[in-house]
1. Taking a ≥ b ≥ c as the square roots of the Cα gyration tensor eigenvalues, with a/c under 1.5 meaning rounded and otherwise prolate when a/b beats b/c, else oblate, which class fits the protein assembly as shown?
2. Taking only DSSP H segments of four or more residues, each worth -39500 (n - 2.57), what value at 222 nm results for chain B once the sum is divided by all its residues, to the nearest 500 deg cm²/dmol?
3. In nanometres, what is the gap between the two model label sites at A:Q341 and A:L380, each 7 Å from Cα along Cα-to-Cβ?
4. Which of the DSSP-defined H helices in chain A satisfy a minimum axial length of 15 Å, computed from C-alpha atoms, and a minimum mean Kyte-Doolittle hydropathy of -0.5?
5. Shape verdict for chain A, please, from the Cα gyration tensor: rounded (a/c under 1.5), prolate (a/b greater than b/c) or oblate.
6. So, R0 is 41 Å and r is the distance between the beta-carbons of A:E240 and A:T50; what FRET efficiency does that work out to, to 0.05?
7. Given a Förster radius of 35 Å and the C-beta distance between B:S592 and B:Q392 as r, what FRET efficiency does 1/(1 + (r/R0)^6) yield to the nearest 0.05?
8. Which angle between 0 and 90 degrees, to the nearest 10, do you get for helix B:3-17 versus the longest principal axis of chain B when only C-alpha atoms count?
Amino acid sequence: MQLESPVIAEQQWRPRRWRRIRWVVLSLVVAGALWWLRSPGGLGIPSAVTSADVERAEQEFRRAQQRDADAAELLLTLAENLARRGRVAVAVECVERIPVLDQRSGLRSRLLLAQYCLRLNQAFRAERAVSELLSAVGESGVGDDRGAAAVQVRTARELLVFLLSLQFRFEERQLALRELRQGGLLEPLLTKQLYFPSLLAWRTPQQNERLQQFLKESPQDARLVAAHGRYLLGAGAVEEARQLLDGAVAMSPGNLGVLSAALECRFEEQDLAGFRDLLAVCPEYAEGEPWLLTQMRAEAAALQGDWSGSAVYFEVLLAADDTNALYCQGLARAYGQLGQQDKRLQLQQRALQLAELRLTLGEAELKNPGALRAASQSALALGLTAAAEDLEQLAQAGERALRSGQERQR
Amino acid sequence: MSEWWERCSGSVGAAMGAGALILTMGCTGEQPRGAGVTEAAGGQAVVQTEQERERILRALTSGRQSGAAEQSGIRFRELGKESGFEFVRYDDMRGQRRILEVNGGGAAIFDVDGDGWLDVFLTNGCVLPTRLDRGQTPGRLFRNLHQSELRFGDCSEASGLLQRGFCCGCAVADVDHDGFEDLYLTAVGGNQFWKNNGDGTFTETATETGTKCGLWGSSAAFGDLNGDGHPDLYVANYLEVSEEAPLLCPEPRAPGGYIGCTPAMFRGVPDAVYLSDGAGGWRDVSGVVTAAFPGKALGVVICDLGGDRRPEVYVANDGQPNFLLVSETAEDGGLVGLRDRAVEASAAVNYEGFGQASMGIAAEDFNRDGRTDLFLTHFYRDTNTLYVNRSQGELLLFDDGTRTSLLGLPSLGFLGFGVSGMDADNDGWSDLLVVNGHVDDRTWFDADQPYRMTAQMFQNRGDGTFREVTGDAGAYFGRALLGRGLATGDLDRDGRLDAVVSNQLDPSAVLRNESDVDGRSLVLKLVGVGCARTPVGVRVRVLGVEPVLWRQLVGGGSYQSADACELHLGGLEDREYDLEVQWPDGSVQQISGIRPGKWAVKQQGAAALLPW
């Protein structure tokens, strides 16, 4: 047998010893990390949260669920408690720490985050939270309770619709509304927004007031600034509108939504040189660009006497929103110039029908089933079958509600 | 620190706090320019390259250059009480904000006594319901005393023109060919037809002529609709309302507890058409209008829009598509129908495709291309609309020229009623005077939405565009009021068109035109012989002037008001001109060697103008 040299043995033991120490340390680190990850501190607790807050949240959760909360659940409970007590900013910090892909709390965290951000007038963060929620839904397994997840998704989409309406981002709103509709019949306002995106008043003083609240919080948000500019343009405050819209473009020259609002301002005030120059630096037409930009292209073509070009753009627009009376009128004008009088008349008749439908739409609410039915019939006359069906269903729901209200009264 | 950084810092901080754990919060929003990261704009399409962005930023600086505003020369002075003109309309506004109360009244400028000087009548309201009216608030007739300064005498009682009831609008024409202009008044529940007796007095004849109508009449207009040489009558009716049990809209938060109900809550009613036999008889043929009714009519004008010497009727509806009614006649010339051709003429709704809340109408050739254009006043936060006439041959066709004329944006903050396409500065181009005022005081919930509003003046630049010159048009244009009716005429016979405004709550006003004018003018009163004596549709063209300088006598127009039945031709030099007169019956006359002066009469068939 060959005896080991003590030196050699020592040399061999040292690495082994170090290896063992490293294993021990590593095990401790892993164990610590695992413990840390399972603790509230694993996701971090905002410094403004006190230990009493944490204790209260833990107890509350335990009482309600008969088990201990995991880190995310504890943060959610904390956030809800804090928000109830008016500490919304800290509540935001809590929910933001929860990973959106967290199986149990991810979706709810983003929904709460969006709602809290709205309370803090932070439109951008609210929209981002909703987007994260909706993206996460696509990931498999997110949301352990499918029913609850569906409700959260629906609420999130409704929030998104609100935010997009406020910023006049109608083409995006249309996508959100379509997805919402896949989940079932929508309430009357959303139904009207879905099927008649351009027939409802979209520049109201109340809307502007909310916009102002958001802007106060985020004065550098180009999309909010652009929306304010469009509101002012609609109110006739051209100078102020242009200043804001140009400022918005400077903040975010890449955003075509903002850019098209600046173009619209030049077009409305008939600064045709400015309009032409700004349009010249816009990228070529691409599918999916903001409707307003396509509309400006249609108008630019008309200004140049390129009626075929104008017609093509208006046709694209009508394919996206066939209830837009302006698109009908624009296309009618182009057809008229191209000598296609029959087509012109057809489109003008449609514009007239839409103008009449618009009057009914304003009154179409659940408490007024008659107006809902009249709108449904007008929609049918326009060939808008899906809209007609939904409005008819709403009319029936309104009638049922009225009947049950009357029975309760009796 | 940028907002973007703040947005992202939450995740970075969390990552640092968690050691190796990086939370996937992401930062999906817009980043500031130059961040060097692809922009994702929440679903909005984006420009990707820095170079493209730089080009966009450079393009922002091109375009509009604002120059120093030049004086327009247009100036009006409101006459004071010393003029003898003093009138405050009564609308029974006692806090319930009934829809009947808000439309106000109108004004008529016409020569009551045939002395060549234009007099003024203003309609008045009364206590509601009208059965309670005891005649305390009659309309007022002010006789022009033709002194060196404009002076008026209130001759309402002496004339017997003691209009009672709740009257709204007025229309003027010599309907019985006796040389004196008669007055038709629209009202709530029964219109009035005041025959001018020729001796300074009037007799009410609505019952015996069958022209009371009985609905809520707004504007009215005379014009020969069936080509028989007699002026027929079109009455624009508004809504179906009850005086006894009015629809009220309570709103606890509003001062007084009520807000104005919107017209959308009421049904429209059909307009009325009466054909004259020229001898004092009238026939109700309202049923001849097809496919248009019911509307919610507030304004009406009768004039030749197609250039074929046949009058069309254009009706301004509130919140509904407007009508363009074309006469259809039988072989014997009898009127068999009025067909609505507004849609095919692109004049029913504006370019945005909305049936606007149309109130007043001005029918003038604003671009001097020989065709009569239409300008309409509209609601707050909606533009007034200019329909530019592009008709050719048989085709009646209009383009919405609101944007290109620059008349749209300045009207968004106003709610317009009366309007006149007057050539205020005698340069030959029709300018625009608009009187404004809200129908409901909404300041309690929207401080930006004024109740009283200033009138506006727009000067025609002669290149298809207008510029607002309200600021230097006189002190009256700085006063916020509730303007409703507006009528124009040369009251002081100085060759410049003056104006009378019927206001609500505040005194009505006579605005004397004191504009600095270079051009001279000719004011003509046309007297038909083979056609209606008030020859609506007659055209006078000044020969040898380009672009074409002409005027057409229109029936109705503005809002609930009647302009003087005269033609004002401005933009002339101090030299002789030849005129061509195209009478509604098809006859054409030329008159040579006419030198611009103040005013004159042209009788059909007579070789020369008759100085007054």
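1. Numbers: a/c = 2.70, a/b = 2.25, b/c = 1.20.
The shape class here is prolate.
2. Values: 4 runs with 33 residues, N = 612.
The helix contribution divided over chain B gives -1500 deg cm²/dmol.
3. Those two pseudo-labels are separated by 3.4 nm.
4. Values: long enough: A:6-38 (46 Å, -0.01); A:51-65 (21 Å, -1.53); A:71-84 (20 Å, 0.75); A:106-119 (20 Å, 0.27); A:123-138 (23 Å, 0.50); A:146-166 (30 Å, 0.91); A:170-182 (18 Å, -1.15); A:205-217 (19 Å, -1.85); A:222-234 (18 Å, 0.52); A:238-251 (19 Å, 0.31); A:256-268 (18 Å, 0.91); A:291-303 (18 Å, 0.57); A:307-320 (20 Å, 1.18); A:325-337 (18 Å, 0.05); A:341-363 (34 Å, -0.71); A:369-381 (18 Å, 0.38); A:385-409 (36 Å, -1.00).
Span-like helices in chain A: A:6-38, A:71-84, A:106-119, A:123-138, A:146-166, A:222-234, A:238-251, A:256-268, A:291-303, A:307-320, A:325-337, A:369-381.
5. Values: a/c = 2.59, a/b = 1.78, b/c = 1.45.
Here chain A falls in the prolate category.
6. On the way: r = 46 Å, r/R0 = 1.13.
With R0 = 41 Å, the Cβ-Cβ based efficiency is 0.35.
7. Working: r = 31 Å, r/R0 = 0.88.
Using R0 = 35 Å, I get an efficiency of 0.70.
8. Roughly 30 degrees, rounded to the nearest 10.
Readers should treat all values here as calculations from the given coordinates under stated rules, not as data from a laboratory. Just so it is clear, the model here is predicted, and its values are computed rather than measured. Every residue, glycine among them, receives a Cβ derived from its backbone with ideal geometry; neighbour counts consider all protein chains shown.
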